[in-house]
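J.: I am attaching a structure below and will ask some questions about it afterwards.
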Amino acid sequence: MPENHTSETGEEKVVRTVCASHCGGTCQMKVHVKDGKITRIESDDESENAHRMCFRGRAYRQRVYAPDRLLHPVKRIGPRGSREFTRISWDEALDTIADKLKMVKETYGNAAILHFCSMCDPHVLHHVNSFHRLLCLFGGYTAPWGTISNEGDNFASAMTTGGRPTTHEGGSQAQAYLNAKLIIMWSFNPVTTLQGTTVSRSLIQAKEAGAKFYSVDPRYTDSAAAFDAKWIPIRPCTDAAVFLAMANVIIKENLHDQEYIDAYTFGYDSYKDHVLGSDDGIEKTPEWAAEISGIPADNIADLARAYATTEGAYLATNLAAGRTAFGEQYHRAALSIQAITGNIPIPKGGAGGGASQFQELIRMSRLGTPERPKNPVEADMPLRWNKLPYRGPSVNSSARVNVNLFSDALLKGKAGGYAADYKFLWLSNTNYLNQLGEANKAVEAFNEAEFVLVTEQFMTATAQYADIVLPVCTFLERNDLRTGFGSGAIEFLGKAIEPLGESKSQLDICSELALKLGITDYNDKTDEEWLRHIHALWSEKVDMPDYDTLLARGGMYFPPVDYSASEPAKTPEPEEKERKLFPTPSGKIELFSQLVDGMNHPKIPPVPTYIETWESLNDPLAEKYPLQLTTPHFKRRAHSQFDNLPWLQELQTQLVSINPVDAEPRNIKEGDMVKVFNDSGKMLIPANITERIMPGVVAVPQGAWFDLDENGVDRGGCSNTLTRNVTSPAGAFSPNTALVQIEKGKG
């Protein structure tokens with residue numbers, strides 16, 4: 001192992017790196033290595049502000065050395081999903097893949113190649129750019145659009161603020177919590193989903209300083225318990241209605257910030273008309289929202305008053321409520337109530353100014369990596385809809401497929417309105433079948449594909465349906481770089497050990513496949529040469545330590561961001577009233593979105609609106625399936641990662657949570673095996689009887705590995721067995737919009 005990656009302690013070497021497994025955190029790790037093997041992993045201990053690892057990071061050694069880890073290329077020899085594979089050589093694997101790619105290109109065209117790389121290990125060198133460059137040099141491919149986690153939030157922010165951050169620009173929300181007097185955790189469980197490594201610590205400090213907490217969620221979460229929050233249970237998919245009712249109270253009781261509204265917002269009169277019912281004859285009162293949401297009207301009114309009258313109130317909305325049938329409306333309604341109370345930070349210097357030094361280095365790191373060519377498949381294709389401010393023409397190309405709809409696209413192709421008939425599916429850094437809507441439909445779609453390629457570390461639910469699976473090394477077995485907005489740091493990831501078995505990095509796989517495809521100009525540097533090249537670019541702009549010093553300490557950590565560059569402005573300066581502060585058509589926060597109005601989409605109104613979802617309690621389907629499903633995150637997993645590690649399995653059991661009110665008439669007791677089912681699928685799973693979930697709602701934590709038995713029953717507890725393969729009108733994933741029934745029994 002190169003000496004400059006480590007510091008030595010006796011006979012043991014210590015490698016400093018960063019765990020970034022898509023859990024929401026970026027924790028510093030000290031990896032102890034002896035004789036080429038990892039002996040233990042511990043958290044960094046150099047300062048009180050060090051990012052402390054959770055038990056997932058501490059269990060990473062078991063992940064590296066897991067007995068079921070894939071260490072050699074394999075090809076399928078039985079039916080898809082049969083788990084019947086045989087080991088093959090890298091040459092055979094790459095030759096087969098290259099031949100299939102050439103055949104698909106010649107027979108169907110490059111658009112028939114469908115590829116997706118998720119945000120697992122979202123580093124610079126070994127991520128989506130590696131695959132994109134290869135496939136574009138090959139003639140192009142069909143890429144996804146949209147984000148699984150937060151497409152509703154992306155859309156809402158773009159329409160309302162032009163995509164500007166709605167917290168302090170360039171830094172973490174964690175800092176903003178420190179001065180808060182009131183924190184409303186709405187669909188926000190930071191104890192489990194970190195959303196920034198230091199967030200929980202900042203919330204603890206806010207609590208110690210006297211901040212009052214509320215938690216609006218169908219479940220009494222661990223965060224509600226940890227911060228002694230007042231729990232306000234809410235029915236899934238009804239959040240926008242409650243925000244509109246809160247706005248009704250705030251406006252009618254003159255608690256809004258009219259001076260801020262006049263200076264910094266556009267379309268307030270239209271928004272007010274909708275809230276008061278002038279436009280549709282339905283006033284959005286607390287009583288109206290109470291019938292929809294299950295929250296008593298008095299509680300809605302009290303929450304509105306507390307938020308509007310508390311100096312230092314913080315509305316901490318998170319993503320789960322936006323992963324619903326009309327998830328963009330939840331986010332737009334939340335932004336609007338922040339706007340009318342003057343709680344969206346106003347940037348200084350105009351909409352286009354003030355890129356931080358940190359953001360500039362991130363931009364330079366992208367420029368320092370292999371060129372990202374244009375995708376020929378997207379050339380001259382029309383846009384999906386009007387150009388959106390948060391994505392360029394390429395991402396908005398109608399040639400792309402929504403990331404949530406690969407199953408539908410594979411099954412329907414051109415006949416279903418898609419741009420191509422898709423034949424070759426390549427999935428990287430993702431357990432796609434497990435994590436997207438309607439797993440049984442994904443099984444059907446994967447079986448229809450001509451060829452499925454998966455690059456993976458384990459034989460996941462997705463890998464079981466591949467024709468070839470290529471073994472990928474972990475981030476501890478390669479060099480890389482991470483530039484994370486949330487962490488406020490530039491992080492160099494040093495290689496701790498050599499790749500196990502025949503596993504390779506994603507960039508190495510693409511480099512070798514490029515040669516098989518006849519592409520000779522794909523890559524001319526090793527990982528370390530790329531990192532040194534990027535470091536040299538940075539050093540021209542920023543005074544920083546030399547490369548070897550940075551690598552040895554695991555990164556470059558910048559001082560806290562100057563938050564005076566973006567802050568709430570209760571008293572606007574006169575000249576700010578005329579300045580274009582946001583990259584929206586009006587230059588202001590748009591309560592009435594002109595971009596949305598121009599789309600003329602019947603299900604995406606220009607003002608935030610509550611729209612009743614499919615599979616609501618008023619849906620006729622509720623007679624058959626009367627319980628609303630939520631799919632929360634699980635503390636021992638990062639999505640589907642770590643689900644197979646014995647150390648972590650000991651900590652939590654995959655269960656369906658159900659309130660005693662719903663369990664008793666079904667004769668379900670704690671620990672009973674129950675069947676959870678709907679038209680999408682059925683599963684067998686133990687029951688957890690708890691008052692920490694509201695009546696009428698059940699929870700199956702997302703991420704458990706899909707395990708279909710001979711009767712078509714999932715015995716792994718995969719929540720997406722029960723969800724649908726549909727999106728919101730603006731493209732958001734909707735796993736928290738589903739109705740189910742639960743019965744006691746084994747089949």
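The values are calculated or read from the model by the stated rules, or taken from the named source; none is laboratory data. This structure is a prediction, so every number in the text was calculated from the model and none was measured. Glycine also receives a Cβ, built like all others from the backbone with ideal geometry; neighbour counts cover every protein chain displayed. SASA here: full protein model, heavy atoms, side chains in, ligands and nucleic acids out. Shrake-Rupley method; radii C 1.70, N 1.55, O 1.52, S 1.80 Å.
J.: Could you say which residue among Leu114, Leu134, Leu125 is part of a loop (DSSP other than H, G, I, E, B), open to solvent by less than 10 Å² (accessible area, probe 1.4 Å) and either under 18 Å from Leu517 (Cβ atoms) or not charged (D, E, K, R) (or both)?
T.: Of Leu114, Leu134, Leu125, the one residue that is part of a loop (DSSP other than H, G, I, E, B), open to solvent by less than 10 Å² (accessible area, probe 1.4 Å) and either under 18 Å from Leu517 (Cβ atoms) or not charged (D, E, K, R) (or both) is Leu125.
J.: Which condition from (1) modelled with pLDDT under 75; (2) under 31 Å from the mean Cα position of the chain (by Cα); (3) open to solvent by 70 Å² or more (accessible area, probe 1.4 Å) is the one that Thr526 breaks?
T.: (1)
J.: Of the residues Glu743, Glu691, only one is modelled with pLDDT of 95 or more and closer than 22 Å to Lys635 by Cα; which?
T.: Step by step, each of Glu743, Glu691 is checked, and only Glu691 is modelled with pLDDT of 95 or more and closer than 22 Å to Lys635 by Cα.
J.: A further question on this structure: Could you check how many residues of the range 137-161 are surrounded by fewer than 22 Cβ atoms within 10 Å (Cβ to Cβ), part of a helix (DSSP H, G or I) and not hydroxyl-bearing (Ser, Thr, Tyr)?
T.: Count: 1.
J.: Here's a follow-up. Among (1) touching a Ser or Thr at 6+ places or on another chain (Cβ under 9 Å); (2) modelled with pLDDT of 95 or more; (3) farther than 19 Å from Ser215 by Cβ; (4) of a type outside the set (Phe, Trp, Tyr), where does Thr285 come up short?
T.: Among (1) touching a Ser or Thr at 6+ places or on another chain (Cβ under 9 Å); (2) modelled with pLDDT of 95 or more; (3) farther than 19 Å from Ser215 by Cβ; (4) of a type outside the set (Phe, Trp, Tyr), Thr285 violates only (1).
J.: Filtering the range 666-693 down to residues that are over 27 Å from the mean Cα position of the chain (by Cα) and open to solvent by 60 Å² or more (accessible area, probe 1.4 Å), which residue is nearest to Ala442 (Cα to Cα)?
T.: Met673
J.: Look at Phe634 and say whether it is assigned to a loop (DSSP other than H, G, I, E, B), in contact with a Cys (Cβ under 6 Å, 6 or more places away or on another chain) and in contact (Cβ under 8 Å) with a residue 40 or more places away in the chain.
T.: no
J.: Sort out which residues of the range 403-450 are among the aromatic types (Phe, Trp, Tyr) and part of a loop (DSSP other than H, G, I, E, B), and write them in order of number.
T.: Within the range 403-450, Tyr418, Tyr422 qualify.
J.: Condition first: open to solvent by 40 Å² or more (accessible area, probe 1.4 Å), out of contact with any Lys or Arg (no Cβ under 6 Å at 6 or more places or on another chain) and touching a residue at least 24 places away in the same chain (Cβ under 8 Å). Now tell me which residues in the range 393-440 satisfy that.
T.: Val395, Leu411, Ala419, Lys423, Asn440 - these are the residues of the range 393-440 that are open to solvent by 40 Å² or more (accessible area, probe 1.4 Å), out of contact with any Lys or Arg (no Cβ under 6 Å at 6 or more places or on another chain) and touching a residue at least 24 places away in the same chain (Cβ under 8 Å).
J.: Take the residues in the range 279-301 that are over 24 Å from Arg219 (Cβ atoms) and of a type outside the set (A, V, I, L, M, F, W, C); name whichever of them is least open to solvent (accessible area, probe 1.4 Å).
T.: Within the range 279-301, the match that is least open to solvent (accessible area, probe 1.4 Å) is Lys284.
J.: Another question, then. Tell me, which residue of the range 476-488 that is buried (at least 22 other Cβ atoms within 10 Å of the Cβ) and closer than 20 Å to His126 by Cα is modelled with the lowest pLDDT?
T.: Checking each candidate, the answer is Ser487.
J.: Kindly indicate the residue of the range 653-665 that is among the polar types (S, T, N, Q) and farther than 13 Å from Gln628 by Cβ and also surrounded by the fewest Cβ atoms within 10 Å (Cβ to Cβ) among those meeting that condition.
T.: Thr653
J.: Also: Restricting attention to the range 99-111, which residues are β-branched (Val, Ile, Thr) and open to solvent by less than 10 Å² (accessible area, probe 1.4 Å)?
T.: Val104
Yes/no per residue for (1) in contact with a Lys or Arg (Cβ under 9 Å, 6 or more places away or on another chain); (2) under 24 Å from Met694 (Cβ atoms); (3) β-branched (Val, Ile, Thr):
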residue: Tyr271; (1), (2), (3): no, no, no
residue: Lys284; (1), (2), (3): no, yes, no
residue: Ser293; (1), (2), (3): yes, yes, no
residue: Ile300; (1), (2), (3): no, yes, yes
residue: Ala304; (1), (2), (3): no, yes, no
residue: Thr309; (1), (2), (3): no, no, yes
residue: Ala313; (1), (2), (3): yes, no, no
residue: Thr317; (1), (2), (3): no, yes, yes
residue: Gly322; (1), (2), (3): no, yes, no
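J.: Of everything in the range 181-217, what is closer than 25 Å to Leu591 by Cβ, surrounded by fewer than 21 Cβ atoms within 10 Å (Cβ to Cβ) and modelled with pLDDT under 95? Give them in sequence order.
T.: Those that are closer than 25 Å to Leu591 by Cβ, surrounded by fewer than 21 Cβ atoms within 10 Å (Cβ to Cβ) and modelled with pLDDT under 95: none in the range 181-217.
J.: For the range 261-270, does any single residue satisfy the condition of being under 28 Å from Lys230 (Cβ atoms) and crowded, with 19+ Cβ neighbours inside 10 Å?
T.: Within the range 261-270, none of the residues are under 28 Å from Lys230 (Cβ atoms) and crowded, with 19+ Cβ neighbours inside 10 Å.
J.: What is the residue count in the range 76-91 for residues that are outside any loop (DSSP other than H, G, I, E, B), farther than 24 Å from Glu477 by Cα and over 32 Å from the mean Cα position of the chain (by Cα)?
T.: Residues that pass the stated criteria total 1.
J.: Output the residues belonging to the range 237-274 that are out of contact with any Ser or Thr (no Cβ under 9 Å at 6 or more places or on another chain) and closer than 27 Å to Trp614 by Cα.
T.: Answer for the range 237-274, where residues must be out of contact with any Ser or Thr (no Cβ under 9 Å at 6 or more places or on another chain) and closer than 27 Å to Trp614 by Cα: Met246, Ser270, Asp273.
J.: Determine, yes or no, whether Ala229 is in contact with a strand residue (DSSP E or B) (Cβ under 9 Å, 6 or more places away or on another chain) and free of Cβ contacts under 8 Å to residues at least 60 places away in the same chain.
T.: So Ala229 fits the description; yes.
J.: So, of the residues in the range 560-616 that are among the charged types (D, E, K, R) and in contact with a Gly (Cβ under 7 Å, 6 or more places away or on another chain), which turns out to be modelled with the lowest pLDDT?
T.: Here the answer is Lys570.
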